[in-house]
Amino acid sequence: MTILVLNGPNLNRLGKRQPEIYGSETLQDVETRIRAAAGEEEIVFFQSNHEGELIEQVHRAADERWPVIINPGGFTHTSVALRDALAEVADGAGFVEVHLSNVHAREAFRQHSYLSPIARGVIAGLGSYGYVAALGYFLAH
Ligand code: DQA
């Protein structure tokens, strides 16, 4: 199985960006952790600060019928377009929404997600383990 792991805006800044909220791991550390947990499974790892580039990767996953693990960053709370793209994946292999921080314990605007209603599941507040948990879900199904 191939699994697409998508990270949205500002997640390339992990390790430098608000470490009191997001921790000291870099995105490279997160990728290494996911790959170690994936064993022989193929992981396609992609980060972008651009909505359209993320959407194009989601289209690729829909065409290939790949499950998606996505941390949409700030687009979680703003992007109808990303949700529309992910709706196709939701009808197929499915996606899990991951947040490093517990968005429910933060500002009110972070407590609404355009994506959660169509996600298989949502993991928030477990740091990079959230990606590993989402991976475990897809490997078990
Ligand atoms: C985030 C939470 C979002 O609210 C925020 O905009 C991010 C990161 C997280 O991983 O906790 O960029 O998705």
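The values are calculated or read from the model by the stated rules, or taken from the named source; none is laboratory data. No experiment lies behind these values; they were computed from the predicted model shown. Heads up, the Cβs are rebuilt from the backbone with ideal geometry, glycines too, and the neighbour counts pull from every protein chain shown. We work out accessible area using only protein heavy atoms, side chains counted, and drop any ligands, DNA or RNA first. Shrake-Rupley method; radii C 1.70, N 1.55, O 1.52, S 1.80 Å.
For Arg17, the criteria (1) open to solvent by less than 80 Å² (accessible area, probe 1.4 Å); (2) farther than 15 Å from Tyr131 by Cβ; (3) part of a helix (DSSP H, G or I); (4) within 16 Å of the ligand (Cβ to nearest atom) hold in every case but one, which is (3).
A residue that is more than 16 Å from the ligand (Cβ to nearest atom), under 20 Å from Tyr131 (Cβ atoms) and crowded, with 16+ Cβ neighbours inside 10 Å occurs nowhere in the range 72-79. One residue alone among Glu64, Glu88, Glu51, Glu56 is more than 12 Å from the ligand (Cβ to nearest atom) and touching a residue at least 60 places away in the same chain (Cβ under 8 Å), and that residue is Glu64. Just one of the numbered conditions (1) buried (at least 21 other Cβ atoms within 10 Å of the Cβ); (2) more than 10 Å from the ligand (Cβ to nearest atom) is not true of Glu97: (2).
Among the residues making up the range 127-141, a single one is within 13 Å of the chain's Cα centre (by Cα), of a type outside the set (Ser, Thr, Tyr) and not in a helix (DSSP H, G or I): Gly127. Check whether at least one residue in the range 110-125 is polar (S, T, N, Q), under 20 Å from Asn12 (Cα atoms) and surrounded by fewer than 16 Cβ atoms within 10 Å (Cβ to Cβ), and report yes or no. No, the range 110-125 has no match at all.
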